[in-house]
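The values are calculated or read from the model by the stated rules, or taken from the named source; none is laboratory data. Treat the numbers as computed from the prediction; the structure is a model and nothing was measured. Cβ coordinates were reconstructed from backbone atoms using ideal geometry, including for glycine residues, and neighbour counts include every protein chain displayed. Ligands, DNA and RNA are excluded from the accessible area calculation, which covers all protein heavy atoms including side chains. Shrake-Rupley method; radii C 1.70, N 1.55, O 1.52, S 1.80 Å.
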Amino acid sequence: MTLPLYPKLKIELEDWFMEVFKGAVQKELGVFSESPHFIQHEGTSHSYETVDGEERETDYHSMTAEIPMSSIDVADRRLDEILLLLIEKGEEFGRRQAQFHFGRLNEIIEQAGNVIDGKGQKLTLDLLLKTIEQVHISFDEDENPRMPTMVMHPDMAPRIQEIIREVEADETAQEKFHEVMTRKLGEWREEQNRRKLVD
């Protein structure tokens, strides 16, 4: 007696397994999971425009995830074992992607001259403001800043909280922050005006 092949069930299982894998990848990507992405059907490089209007080109890098499992393995394994394997491989793939993105980001930041070296000193409000000065900040239609996402080591989080409390309690600190944001707003307005002239 021949058993039915259940082709529709196979497709649904494959789709579900892929979603489990992608979910594990996204979890490890962290902040990069929010980055836009697209499919390019041909070519080995991609060009893009920076915030300053400069055109740059980047090469593609191959990155694969190998899940050694035959159709016989799938039939012999328990469902929870398959899901655990997919999650493990997805997390491994996501970590590799995140490491690549952080490495590429460091290269771009160094090329742009936007590296701030604290030389091992404790993070201060002045050092944080100096960092914000180097970052592009956009504003909404009411001219409220859209602050960029900050990525830091978990050990730094308590110090950041201290600085926030310091700014909230100290008028001088508030003035310093306000001065920086006023300059960033001026830069953003100039950028918008240039775009309007081009359009």
Could you give me the ³J(HN,Hα) list for the range 125-136, computed from phi with Karplus coefficients 6.51, -1.76, 1.60 and θ = phi - 60°, whole Hz, x at Gly and Pro? 4, 4, 5, 5, 5, 5, 5, 4, 4, 7, 9, 6
Which labelled figure in [x] 1, 5, 9, 13, 13, 13, 12, 10, 8, 6, 5, 3, 2, 1, 0, 0, 0; [y] 1, 7, 15, 20, 22, 18, 10, 4, 1, 0, 0; [z] 1, 8, 15, 19, 19, 15, 10, 7, 4, 1, 0 is P(r) over Cα pairs in 5 Å bins from 0, in percent, once derived from the coordinates: [x]
If the chain between Glu141 and Ser35 were fully extended at 0.36 nm per residue, the gain over the current Cα-Cα distance would be 35.9 nm
Here the range 114-174 gives, from Cα atoms, an Rg and Dmax in Å of 12.9, 39
In what order, largest first, do Phe139, Phe93 sit by accessible area if the probe radius is 1.4 Å? Phe93, Phe139
Residues whose built amide H sits under 5 Å from the amide H of Phe139, excluding neighbours closer than 5 in sequence, are Arg146
Phi to ³J(HN,Hα) by Karplus 6.51 cos²θ - 1.76 cosθ + 1.60 over the range 160-174, Hz, x for Gly, Pro: 4, 4, 4, 5, 4, 5, 4, 5, 5, 9, 10, 5, 4, 5, 5
With the other protein chains left in place, how much accessible area per residue, in square angstrom, belongs to the range 96-199 at a 1.4 angstrom probe? 75 Å²
Could you calculate the FRET efficiency of Val115 with Met63 from 1/(1 + (r/R0)^6), where r is the beta carbon distance between them and R0 is 35 Å, rounded to 0.05? 0.85
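Give me the extension gain from Thr172 to Asn106: residue separation times 0.36 nm, minus the current Cα-Cα distance, reported in nm with one decimal. List each step's numbers first, then the result.
Working: separation 66, 0.36 × 66 = 23.76 nm, distance 3.27 nm.
Full extension from Thr172 to Asn106 adds 20.5 nm.
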Please give, to one decimal in nm, the separation of the simple spin-label points placed at Glu162 and Ser47, each 7 Å out from Cα toward the Cβ. 4.9 nm
Set of the range 123-144 residues, backbone N closer than 16 Å to the point 7 Å along the Cα-Cβ line of Met152: 123-135
